[in-house]
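To start, the structure under review is shown below, and the notes come after it.
Readers should treat all values here as calculations from the given coordinates under stated rules, not as data from a laboratory. Keep in mind that this is a model prediction, so the values were computed, not measured. Ideal geometry is used to build each Cβ from the backbone, glycine not excepted, and the neighbour counts take in all protein chains shown.
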Amino acid sequence: MTKNKKIQVMIVDDHQVVRQGFTMFLKAFDDFELVGEATNGEEAVQHCAELSPDVILMDMVMPKMTGDEAIAVIREEHPQTQVIALTSFTDDRQLVQKALKAGAIGYLFKDISIDDLADAIRTAHRGDPILAPEATRMLIQATRSPQRISYNLSERELEVLALLIEGLNNPQIGERLVISRSTVKFHVSSILGKLGVSNRAEAVAIAVENKLV
């Protein structure tokens, strides 16, 4: 960080109280500047393109587009922006794996102290990884415990896949999940890619065979 240049931070969380809490936290430090907020992954991707923050504090479980999905897009389109995944779920090993695979530089829990979070933001801005000790423990356990094939589908993708199995089309899925048709199309395309298939029928067949939903 150059002298006198503040670290520009964006907050992404679907809960207003959480965003307000992080906003107050950032104001307590002279070297941070809040440049934007987003309530879901779609907004995060859009605002990142407009604001080019240095570091994003990204919730992992959100509507419309999950944290790991947003992280993957942001890291692909804006590699200069570092993302710290933040979650309240302290026992979800898959969330840790998804966040890091998507490109997050850090994974922390929301009960972290403000001093530790401040240090984490500075560490991420330098390009160095930061993991909560519990997240590290879960990753170590993951290397020792075999898991059934999940194809790395997000929670939202599993929801969309379940509706594909029901035979719903994109407009119907959008109405059921209260998301736009373009978002449904994004999720369906992602599902086909992760399952390695070319059409919805093949995706449904794999889902049923492997009991993905």
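Brief remarks on what is shown
- Within the chain: Cβ-based charge dipole about Cα centre, in debye rounded to nearest 20 (Lys, Arg +1; Asp, Glu -1): 480 debye
- Modelled spin labels at residue 137 and residue 189, positioned 7 Å past Cα toward Cβ, are 4.1 nm from each other.
- As a proxy for reagent exposure, ranking 187, 78, 15 by other Cβ atoms within 10 Å from fewest up yields 15, 78, 187.
- Exceedance of the 31 Å cut-off in Cα-Cα distance is limited, within the set 98/185; 5/185; 5/194; 185/211, to 5/185; 5/194.
- The distance between label points at residue 16 and residue 199 comes to 4.7 nm (points 7 Å beyond Cα on the Cα→Cβ vector).
- Taking trypsin sites (Lys or Arg not before Pro) as exposed when their DSSP state is a loop state and no more than 13 other Cβ atoms lie within 10 Å, the longest site-free interval of the chain runs over 6-125.
- Under the simplified labelling scheme, the residue 23-residue 155 pair shows an inter-label distance of 2.5 nm, with each label point 7 Å from Cα along Cα→Cβ.
- Burial ordering of 180, 198, fewest other beta-carbon atoms within 10 Å first: 198, 180
- Counting neighbouring beta carbons within 10 Å and listing from fewest to most, the residues 178, 18 come out as 178, 18.
- Dividing the helix sum by the residues of the chain, where each DSSP H run of 4 or more adds -39500 (n - 2.57), gives a mean residue ellipticity at 222 nm of -16000 deg cm²/dmol.
- Where [x] 25, 21, 18; [y] 32, 20, 14; [z] 28, 19, 18 are the candidate values, the label of the one calculated here for semi-axes √(5λ) of the Cα gyration tensor in Å is [y].
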